[in-house]
1. Does Asn170 count as surrounded by 16 or more Cβ atoms within 10 Å (Cβ to Cβ) and over 18 Å from the mean Cα position of the chain (by Cα)?
2. Kindly list the number of the only condition in (1) assigned to a helix (DSSP H, G or I); (2) within 13 Å of the chain's Cα centre (by Cα) that fails for Glu183.
3. So the check is Cβ under 9 Å with 6+ separation or different chains; which pairs have a first residue in segment 166-188 that's under 22 Å from Thr133 (Cβ atoms) and a second one that's among the small types (Gly, Ala, Ser) and part of a strand (DSSP E or B)?
4. Scanning segment 173-185 for residues that are at pLDDT 95 or above and buried (at least 19 other Cβ atoms within 10 Å of the Cβ), which turns out nearest to Ala234 (Cα to Cα)?
5. In segment 101-121, is there at least one residue being among the hydroxyl-bearing types (Ser, Thr, Tyr) and open to solvent by 60 Å² or more (accessible area, probe 1.4 Å)?
6. Restricting to segment 224-270, and then to whatever is surrounded by 14 or more Cβ atoms within 10 Å (Cβ to Cβ) and of a type in the set (Asp, Glu), can you tell me which residue is modelled with the highest pLDDT?
7. Filter segment 137-152 down to the residues that are open to solvent by 50 Å² or more (accessible area, probe 1.4 Å), part of a loop (DSSP other than H, G, I, E, B) and within 19 Å of Asp34 (Cα to Cα) and list them by number.
8. Can you report the number of residues in segment 153-165 which are in contact (Cβ under 8 Å) with a residue 60 or more places away in the chain, out of contact with any helix residue (DSSP H, G or I) (no Cβ under 9 Å at 6 or more places or on another chain) and not in a loop (DSSP other than H, G, I, E, B)?
Amino acid sequence: MRLAQTIPFTPVDLFAGEEVTVYQLEESSLVNLDTSMSSWSQRGLAAMIHVLSREEMDGGLRKAMKVCCTWSEEDVLKTGQMYIIKSFQPEVVKTWQKIFREGTVLHLCLREIQQQRAAQKLIHRFNQMKPQTILYTPRFLEVFLIYCHSADQWLTMEKYMNGQFRKYNNNNGDEIIPTNLMEETMLAFSHWSFEYTRGELLVLDLQGVGENLTDPSVIKAEEKTSQNMEFGPANLGERAIRNFTVKHHCNTCCKKLKLPDLRRNFYNPGKINPPFEDDALEVNTRL
């Protein structure tokens, strides 16, 4: 039997499909990601994408479709690679038009991508600091901002993840009951993010395939339905933080990270447990 008949593949018709322009968040340092300054690329790169499925995912805030890259300028996207393109639901856009009267969709897309980059920086630091006894190294996918010329629409785009999709907690602080070390690692990261930032940020809505994560919610207590919103519209603010501190159950990874019990009456992030006091690095989540 010929090899081509034994291995499934997606045939790529070069230059077929829709023309898009791709923009990226660039970093001042690729080595020290957690302290690097992020800025948007000033020039977009051209690419061609072919739609494979229009109903790949239908979430609460966004809907998505699967596409394949058939060509890209300077290899900003990988030819033949499958990606997921996400767009905001019409009712979400309508709600946020009250805040962002012009360029509503662009504002929302930018903040979703900035939110994932902030989570990337935090999990990069987490992986540097965690003990070797925590074997898993979770990471967030890179997200691109794209402009679709035919639809005159701004969208976000990320690599398609093949495998069993799991959700570990949601944006209001509810979490699964972990049954293995990887699940414990994910939930411990949420706890660590709150402690490491001394209560300023809490990374929730952890989901993905294996160690690859996407679509987090970076919760910031004072930031909700505001024009100064730094991250995405899934931020439930203080309500999510209160719920998380009440419902989170510390696991073996939390103990290995020496994280304090969130449910103590006298708990104050960064005050009870001083393991991060000597850590001079401060994760730069601002753009």
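1. So Asn170 does not fit the description; no.
2. Glu183 satisfies every listed condition except (2).
3. Between residues of segment 166-188 that are under 22 Å from Thr133 (Cβ atoms) and residues that are among the small types (Gly, Ala, Ser) and part of a strand (DSSP E or B), the close pairs are Tyr168/Gly208; Met186/Gly208.
4. Glu175
5. The answer is no, given that none of the residues of segment 101-121 is among the hydroxyl-bearing types (Ser, Thr, Tyr) and open to solvent by 60 Å² or more (accessible area, probe 1.4 Å).
6. If we take residues in segment 224-270 being surrounded by 14 or more Cβ atoms within 10 Å (Cβ to Cβ) and of a type in the set (Asp, Glu), then Asp261 is modelled with the highest pLDDT.
7. Thr137, Glu142 - these are the residues of segment 137-152 that are open to solvent by 50 Å² or more (accessible area, probe 1.4 Å), part of a loop (DSSP other than H, G, I, E, B) and within 19 Å of Asp34 (Cα to Cα).
8. Counting residues in segment 153-165 that are in contact (Cβ under 8 Å) with a residue 60 or more places away in the chain, out of contact with any helix residue (DSSP H, G or I) (no Cβ under 9 Å at 6 or more places or on another chain) and not in a loop (DSSP other than H, G, I, E, B) gives 2.
The values are calculated or read from the model by the stated rules, or taken from the named source; none is laboratory data. These numbers come from a predicted model, not from an experiment. Methodologically, a virtual Cβ is constructed for each residue, glycine included, from the backbone with ideal geometry; neighbour enumeration extends over all protein chains shown. Ligands, DNA and RNA are excluded from the accessible area calculation, which covers all protein heavy atoms including side chains. Shrake-Rupley method; radii C 1.70, N 1.55, O 1.52, S 1.80 Å.
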